[in-house]
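Laboratory data are not the source of any read-out in this text; all were calculated from the coordinates shown. All of these numbers come straight from a predicted model, not from anything done at the bench. Glycine also receives a Cβ, built like all others from the backbone with ideal geometry; neighbour counts cover every protein chain displayed.
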Amino acid sequence: MAAEPETPETDRDGPPREGPLARDSLTIRRLLLLTAGLAIGLGLFTPERQEGRLIRLNLDATLGLFSAAMLGLALPAPLFVLGQRLAKGPAIGPGGLYALTIGLGALLMLPPVAMHRFAGKPGAVIVCLFYVMPLVSLWYFLAAAITGHLGRKLFARSTAWTERYGFLLAVLWTPLGVWLLIQFYMDSF
C-alpha cells in the first residue's frame, strides 16, 4: 500500500509550509518576545513609585498598570510584522498594520520614557501614551467595524497570526479608550 503523498493539509511535521496555506501561529519565539516586551512595559511604563512602593491602588493607578502591560505587549509588534514581510508571508492586513502602528509608537516613545524613569524626573511622555494609545485603539476598532474588517474571517485558520494579534491589541485597549472618551465628555458637559 503506497503512502499518501503529503499535501499542505496533511503535512504536520517538518519545516514551515509555504504558499497560501502556510500556517502562521504563535511560536515559542513570539511568546518569548511578548514576555520580554511585557517585562519592559511593566518596568518602564508603570505608575510612578513613592517611597519604594506603588501608588495606592486606585482606579488611575490600576489603569496605568493595565496601560503599561498593553504597551509592553505592543513593543515586539514591529518585529512580528517585519518578520512576516521578510519571510514573504501573507500580505499585511488591517490587524497587522494596527499592530505595527501601535508597536512603532511604543518603540519611538521608549527612549524618552526610559530617560525620564532613570533620571527620576516626572515626564509627560507616559501621560501622553496613557491617553493616546487607547484612543487610537478605539478609533481603529470603530473604523475596522465600519469597513467590515471584523467578522468570521478573522477566526479562520488561514488568517495570519499578526492579524489576530493586532485585533487582540485593539480589543484589549478599546475599553480603556471608551472610558477615556466618556471622561472627556463628562468633563466637557
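Return a yes/no flag: does segment 155-162 have any residue that is surrounded by fewer than 19 Cβ atoms within 10 Å (Cβ to Cβ) and within 16 Å of Q84 (Cβ to Cβ).
Checking segment 155-162: at least one residue is surrounded by fewer than 19 Cβ atoms within 10 Å (Cβ to Cβ) and within 16 Å of Q84 (Cβ to Cβ).
Being within 20 Å of the chain's Cα centre (by Cα), more than 20 Å from T27 (Cα to Cα) and not charged (D, E, K, R) is the requirement here; does I102 meet it?
Against the criterion (within 20 Å of the chain's Cα centre (by Cα), more than 20 Å from T27 (Cα to Cα) and not charged (D, E, K, R)), I102 qualifies.
Being in contact with a Gly (Cβ under 8 Å, 6 or more places away or on another chain) and more than 16 Å from G105 (Cα to Cα) narrows it down to one residue among R157, R164, R152; which is it?
On inspection, the qualifying residue turns out to be R164.
Quick check on this structure: which one of A124, A170 is crowded, with 21+ Cβ neighbours inside 10 Å and among the aliphatic types (A, V, I, L, M)?
The unique qualifying residue is A170.
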